[in-house]
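The values are calculated or read from the model by the stated rules, or taken from the named source; none is laboratory data. None of the values given here were measured: they were computed from a predicted structure. Glycine also receives a Cβ, built like all others from the backbone with ideal geometry; neighbour counts cover every protein chain displayed.
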Ligand SMILES: [Zn+2]
């Protein structure tokens, strides 16, 4: 069986909550997904791309809904990286000219960029409920994005 992860990352890229909040989020994750193989927090100096793995689907423009070509997205990913990691430079969309960063795009299964996350390996709880997501937001003190990663 392949592994799957649930990642909780801040909606605001680069946000890193205080250590006590990070720890509290991991404890809460353990309480709602006690059968997880592992639950861990991480934080880094530069932005990491947290992808949804095999759940990767369509990418669309958040403004007009046009599909964004994966080839273009790959080029954008390559050119967004500097020595210090992803820069999340805002660009004009080819469809409608609206300006977005790679983090802003509408990914059919959410993914995003973060310097901090808490993740559960093989939690076997399906999707988080609205209440569970809200609880993570209250614990971490920020809006969160949930990434379901299927390896
Ligand atoms: Zn557009």
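Below, the figures for the structure above:
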| item | result |
| --- | --- |
| Subset tally (residues that are over 16 Å from residue 10 (Cβ atoms) and assigned to a helix (DSSP H, G or I)) for the range 120-140 | 3 |
| Residue identified as in contact (Cβ under 8 Å) with a residue 24 or more places away in the chain, farther than 20 Å from residue 12 by Cβ and not assigned by TED's automatic domain parsing to the domain that holds residue 142 among 86, 68, 100 | 68 |
| Members of the range 104-118 found to be part of a loop (DSSP other than H, G, I, E, B) and more than 16 Å from the ligand (Cβ to nearest atom), listed by number | 109, 110, 111 |
| Counted residues, the range 107-126 - those being farther than 15 Å from residue 51 by Cβ and touching a strand residue (DSSP E or B) at 6+ places or on another chain (Cβ under 7 Å) | 7 |
| Of all residues in the range 60-92 being in contact with a strand residue (DSSP E or B) (Cβ under 6 Å, 6 or more places away or on another chain) and within 15 Å of the ligand (Cβ to nearest atom), the one that is nearest to residue 144 (Cα to Cα) | 62 |
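Let's see how each residue does on (1) modelled with pLDDT under 95; (2) touching a strand residue (DSSP E or B) at 6+ places or on another chain (Cβ under 6 Å); (3) assigned to a loop (DSSP other than H, G, I, E, B):
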site: 1; (1), (2), (3): yes, no, yes
site: 6; (1), (2), (3): no, yes, no
site: 12; (1), (2), (3): no, no, yes
site: 16; (1), (2), (3): no, yes, yes
site: 29; (1), (2), (3): no, yes, no
site: 34; (1), (2), (3): no, no, yes
site: 39; (1), (2), (3): no, yes, no
